[in-house]
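Engineer: Got a structure here, written out as structure tokens. Questions coming.
Where a number appears in this text, it was derived from the coordinates with a stated rule and is not lab data. Note that the coordinates shown come from a computational prediction; the quantities given were computed from them, not determined experimentally. Because the Cβ atoms are built from the backbone with ideal geometry, glycine has one as well, and the counts that use them run over all protein chains shown.
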Amino acid sequence: MLPNRLTRQDVKVRLAAGPAQDFTGLDLSEINLTGLDFSGCNFDQARLDRTYFRGCRMIGAKFNRAYLNGTDFFEADLTHTDFSQTRIYRCRFSHANLTGANFLLAEIWESKFVAALLKQADFTGATLYQVKLNRADCRQARLEIHHLYTKRKRMLSLIQD
């Protein structure tokens, strides 16, 4: 096992030491972390392949420049979470609370935000490719998206020169 790769037990020990733990640059891939409280935690530049955060509380967490692949945030509370410049690939945010979340310059590919709460979320400069927003609440969200790709791989540029 790589020295920067954590197990569920490693994560629980860190969380028991106090809130707002720093997971910067660590590998939390293929861990089921369902139901834990990560409020205020820092996941900047972390690798999260097939990590399960189902039902987790993650208010104010930071994922700047993190790599998320197949990460599951189903029913997670991600209020005011920062996903700036994050690569998000095939992730599930269905039924998650993303109120006030920041996706500034994020790359979001083939991910699901079905029935997610995206009120006041900021997608300024983000790239979205085959993203599902069915029944998502996008009231007051900033959708100044850089590129939006459809299923047929046509690009719709939403930025006006």
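Engineer: Can you give me the relative contact order of the range 1-118 as a percent, contacts being Cα pairs under 8 Å and 6 or more apart?
Structural biologist: 17
Engineer: Starting from 0.36 nm per residue, how many nanometres of slack lie between Arg57 and Tyr89 once their C-alpha separation is accounted for?
Structural biologist: Length gained, Arg57 through Tyr89: 9.4 nm.
Engineer: Karplus couplings for the range 127-132 from phi (6.51 cos²θ - 1.76 cosθ + 1.60, θ = phi - 60°), rounded to Hz, Gly and Pro as x?
Structural biologist: So the Karplus estimates, Gly and Pro as x, are 10, 10, 10, 6, 8, 9 Hz.
Engineer: Which whole-Hz couplings ³J(HN,Hα) result when phi for each residue of the range 39-47 is put into the Karplus expression 6.51 cos²θ - 1.76 cosθ + 1.60, θ = phi - 60°, listed in order with x for Gly and Pro?
Structural biologist: 4, x, 6, 10, 10, 3, 6, 7, 10
Engineer: For the chain, divide the Cα radius of gyration by the Kirkwood radius and give the resulting Rg/Rh value with two decimals.
Structural biologist: 0.98
Engineer: What is the Cα centroid distance between the range 69-95 and the range 97-145, reported in whole angstrom?
Structural biologist: 10
Engineer: Provide, for the chain, the number of lysine pairs with alpha carbons under 30 Å apart, each pair being eight or more places apart or on different chains.
Structural biologist: Within the chain, the lysine pair count is 14.
Engineer: Another question, then. Highest mean first, how do 47-56, 133-142, 33-42 rank when packing is the count of other Cβ atoms within 10 Å averaged over residues?
Structural biologist: Sorting 47-56, 133-142, 33-42 by mean packing, highest first, produces 47-56, 33-42, 133-142.
Engineer: Something else now. Sum up the charges of everything whose Cβ sits under 15 Å from the Cβ of Phe38, counting Lys and Arg as +1 and Asp and Glu as -1, but leave Phe38 out.
Structural biologist: Value of the local net charge: -2.
Engineer: Moving on. For the range 85-93, just list the computed ³J(HN,Hα) in residue order, Karplus coefficients 6.51, -1.76 and 1.60, θ = phi - 60°, integers in Hz, with x standing in for Gly and Pro.
Structural biologist: Karplus values, whole Hz, x for Gly and Pro: 6, 8, 9, 10, 10, 6, 9, 10, 10.
Engineer: Considering only DSSP beta bridges where both residues belong to the chain, give the percentage that are antiparallel (nearest 5).
Structural biologist: 10
Engineer: Grab the Cα-Cα distance for Gln45 and Ala20, subtract it from 0.36 nm times how many residues apart they are, and report the gain in nm with one decimal.
Structural biologist: Full extension from Gln45 to Ala20 adds 7.4 nm.
Engineer: Next question. Long-range amide H contacts for Asp82: which residues qualify at under 5 Å (H placed 1.01 Å from N, peptide plane, sequence gap of 5 or more or a different chain)?
Structural biologist: Result for Asp82 returns Ala61, Lys62, Phe63, Asn102.
Engineer: Show the residues, 5+ positions off or on another chain, whose built amide H is closer than 5 Å to the amide H of Glu30.
Structural biologist: Hits under the 5 Å cutoff: Asp49, Arg50, Thr51.
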